[in-house]
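Taking it in order: structure first as C-alpha cells, then the write-up.
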Amino acid sequence: MDRTHRESDLERTVLGPLRKTSMQFWLVIAVLGGLVLMGAVLLGRQWTTGLGVTGLKRPIYWGVYISNFVFFIGISHAGTLISAILRVTQAEWRRPITRIAEAITFFALILGALQLWIDLGRPDRILFLFFFGRFQSPLLWDVTCVTLYLLSSTLYLYLPMIPDLARLRDRMTDAPRWRRRIYTVMAAGWHGSHEQHRRLERGISIMAVLIIPIAVSVHTVVSWIFGMTMQPMWHSTILGPYFVVGAIFSGIAMLFIFMTIVRRAWHLERWIKAKQYDYLGILLLVMSAFWGYFTLSEYLTTGYSSLINEVQVLLAKIQGEYAPWFCAMVFCNLILPFAILIRRKGRTPTGAFIVAVGVAIGMWIERYTIIAPSLTRPALMARFAIYTPTFTEVGLTIASLALFALLFLLFFKLFPAISVWEVEEGQAVAAARQKAEELLRQGQLEPTLPTP
C-alpha cells in the first residue's frame, strides 16, 4: 500500500477485501468450485455418451438447458437497467451499485452462451453455427445479438473501471506482481487529468445510450426463437415485449441478491443504503405488475381463442402436470412481491432479498413452463410426450449457477465492488449542492435563472 496517501473511509472499506481474505471466503470458493467440478464431470460424460443421458428426445428437443439460456440472458439486463438507464437519467443513487449490476450482465452473458454450447451435445458443434449458419434462421440472429451484447457489455464494464484501476496501481504496491501488472496494463496510463475525465465521461455516455437498444434487441430476438415457430403458445406477437419485461424483472431481482451479499460480506452498509433498496424495490414491484399484465394477456387470449392445440398446452399449465409449476411461478412473481414490497417497511435489505430469491426462482420456472408444455404437446402428434429432466441436466444447472457465483466473487476479489471515483464524485456534487442551498438560505447567493 502507498503510505504517502491518506486513504478515505470509502477507500479503506472497498480496498480492504482486496488486501485480506477471510477463511469464510475461501470456504465458499471451495464449495462453489466443487459444484463446478461436478458439472465438468457431468458435461464430459454427456459429451462422450451423447444427449441420451438427458431427458431430451423427440419431440422434446429443448428442455432445461434452453430454460437456463433464456434465464441467464434475462438476468443480464440488470446492468442495462441500473447502470445504463439510470446513468442516462442522472439518477444519483445508482452510483454505489452500478459496478455490481455491470458485472452481473457480463458474467450472465458468458453463462448464457455456455448453455447453448452444453445444449448442442458435442463441443465441436458450436463451430457449425459460424461455418454453416444461415441468416434466415432466428438461431443465428440470436448468436449475432448475444455476441454484440457481450462485446458492448465488456466495454461498458471496463470503461468506468479505469480510474479505480489506476488507483489500485498506485495504492496496492504490496500486492503480488501479477496483480500489479494487471492493474497497470488495464489502467491504460490513466493519471486523472481533466481531458482524460472528459473523454471517459463521453465514452461512458455513448456506451450507455447504445447498450440500451442492444439489450432490448437481444431478448426480443431470444423470444423470436420461439415465436417464429408454429408450436402452440409460441407463435405469438406478445412474446417479444413479454420476454423483455421478464428479463428486466429477473435482472432487478438478481441485482438485489448479489448487492445484498456484497453489502454484507464487504461491509458496505454505509454506501449501499436503504435508499437503494427503497427505489429498486419500487422498480421491482412495478415490473411485477407488468409481468402479471403480460401473463394474463397471454393466457386469457389463448384460452378465449379455443384453438385445440393452444388450449391443450394451456390446460397442461393451469390444471395438468405443470399446474404446481404454474402456481409456484404466480406466487413467486406476483403474490410475494406485492405482499412484501407494497409497504415501505417491507423494502428493506431482508425483505428485498427474500422477494428477489423468490422472483429468481419464479422466473426460471416461467422459462421452463414456456418450453416444456409446448414441446410435450406439439400440433402434429396424436399422443402427448413426457419430459423429465435427468440428474445430468439438474447437475449442470446447479453447476452453472455455482460458476456464475464463483466468477462474480473472484472478480470482486481482484477489483473494487463499488466504483470509488463515481461515489466520490457523487459526494462532491452533493456537498456542493448542500453548500449552495445554505448560501441561498442565508441570502449570500442569488439563484441563477436560465436565460430564455
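Since every read-out is calculated from the coordinates, none of them should be taken as a lab result. Bear in mind the structure is a predicted one, so any value in this text is a computation, not a measurement. Using ideal geometry, Cβ is built from the backbone for each residue, glycine included, and neighbour counts are taken over all protein chains shown.
Relative to the longest principal axis of the Cα atoms of the chain, the long axis of helix 23-49 makes an angle of roughly 30 degrees. The lysines whose alpha-carbon is closer than 22 Å to the alpha-carbon of LYS317, local same-chain residues fewer than 8 away aside, are LYS57. Going by Cα centres, segment 240-270 and segment 126-176 are how many Å apart? What the calculation gives is 20 Å, centre to centre. Neighbour counts of C-beta atoms inside 10 Å place ASP142, ASP174 in the sequence ASP174, ASP142, starting with the fewest. Put in line by how crowded their Cβ is, counting other Cβ atoms within 10 Å and starting with the fewest, MET23, MET172, MET207, MET259 read MET23, MET172, MET207, MET259. Bridging of LYS275 to aspartates and glutamates at a Cα separation below 14 Å is possible for GLU92, once same-chain residues fewer than 8 apart are set aside. Measure nothing fancy, just the Cα-based angle from helix 162-171's long axis to the longest principal axis of the chain, in degrees from 0 to 90, nearest 10. Once rounded, one gets 60 degrees.
Taking other C-beta atoms within 10 angstrom as a stand-in for reagent exposure, MET228, MET254 fall in the order MET228, MET254, fewest first.
Stretching LEU380 away from VAL429 to a fully extended chain increases their span by 11.3 nm, per 0.36 nm per residue minus the current alpha-carbon distance. The angle separating the long axis of helix 308-318 from the principal Cα axis of greatest extent in the chain is about 60 degrees.
Bridging of LYS273 to lysines at a Cα separation below 27 Å is possible for LYS20, LYS345, LYS413, LYS435, once same-chain residues fewer than 8 apart are set aside.
Summing Cβ point charges (Lys, Arg +1; Asp, Glu -1) relative to the Cα centre of the chain gives a dipole of roughly 800 debye.
Simple rule: put +1 on each Lys or Arg Cβ and -1 on each Asp or Glu Cβ in the chain, find the dipole, and look at ILE162, PHE106, ALA316; the Cα lying farthest toward the positive end is ILE162. In the chain, the calculated helix contribution to ellipticity at 222 nm averages -23500 deg cm²/dmol per residue, counting -39,500 (n - 2.57) for every DSSP H run with n ≥ 4.
Net charge of the neighbourhood of GLN46, taken over other residues with C-beta under 11 Å away and scored Lys/Arg +1, Asp/Glu -1, is 0.
When Rg and Dmax are taken over the Cα atoms of the chain, they come to 23.9, 84 Å. If a/c stays under 1.5 just call it rounded; otherwise compare a/b with b/c (prolate if a/b is bigger, oblate if not). Do that for segment 361-401, with a ≥ b ≥ c from the square roots of the Cα gyration tensor eigenvalues. Oblate.
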